[in-house]
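Below you'll find the structure, written out as structure tokens, and then a few comments.
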Amino acid sequence: MMIPTQISISEAEWEIMRVVWANGTVTSREVIDTLENKMNWKQSTIKTLIGRLVEKEALKTTKDGRKFIYSANISEDDTVRSFSEDILARVCKKQNGKVIQQLVEEAALSQTDIEGLMNQLQDKLTNAPVEVPCECAVGQCDCHVA
Ligand SMILES: [Zn+2]
């Protein structure tokens, strides 16, 4: 799948993308049927959001007779990954562990998920530094404040 570089998707647009990712190809009617009630959005709002996603090249359009068919130009995996990288990039590297702890606390996790996380952490522990270096600009975090 071709990935246009760094498309930023708003929370509302993300709702649309989930419908497209789940179905592969959709018409605006199908998106409207899925989201009209859940989000309490007007049809025009949904069409505007679809239009924006086409403009951003997150969606591509093909024509089937008079109908427009939409499909994703960016994968769900890549988009979710770039979103989680964004979260970590917003704090000092020294705070990444704390952010992840907060996520773990709030996440719905199965026993299998937790075992997976424990294995992943066990692997990471092997090569982890004693302390993570701060890479912030001086003045953007309190690491530099004496
Ligand atoms: Zn820092």
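The values are calculated or read from the model by the stated rules, or taken from the named source; none is laboratory data. Computed from a predicted model, the values in this text were never measured in an experiment. Cβ atoms come from the backbone with ideal geometry, glycine included; neighbour counts cover every protein chain shown. Side chains included, ligands, DNA and RNA excluded: accessible areas come from the protein's heavy atoms. Shrake-Rupley method; radii C 1.70, N 1.55, O 1.52, S 1.80 Å.
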State yes or no: is Glu15 on the phi > 0 side of the Ramachandran plot and either open to solvent by less than 50 Å² (accessible area, probe 1.4 Å) or not in a helix (DSSP H, G or I) (or both)?
no
Taking only pairs six or more apart or across chains, which ones have beta-carbon atoms under 8 Å, a first residue in segment 116-141 that is within 14 Å of Lys94 (Cβ to Cβ), and a second residue that is more than 10 Å from the ligand (Cβ to nearest atom) and among the aromatic types (Phe, Trp, Tyr)?
none
State the number of residues belonging to segment 108-127 that are among the aliphatic types (A, V, I, L, M) and surrounded by 11 or more Cβ atoms within 10 Å (Cβ to Cβ).
4
On the given criteria, is Lys94 assigned to a helix (DSSP H, G or I), within 16 Å of the ligand (Cβ to nearest atom) and touching a Cys at 6+ places or on another chain (Cβ under 6 Å)?
yes
Across segment 98-146, what is the total count of residues that are part of a helix (DSSP H, G or I) and either within 15 Å of the ligand (Cβ to nearest atom) or touching a His at 6+ places or on another chain (Cβ under 8 Å) (or both)?
5
Consider segment 75-106. How many of its residues are within 25 Å of Asn23 (Cα to Cα) and open to solvent by less than 100 Å² (accessible area, probe 1.4 Å)?
7
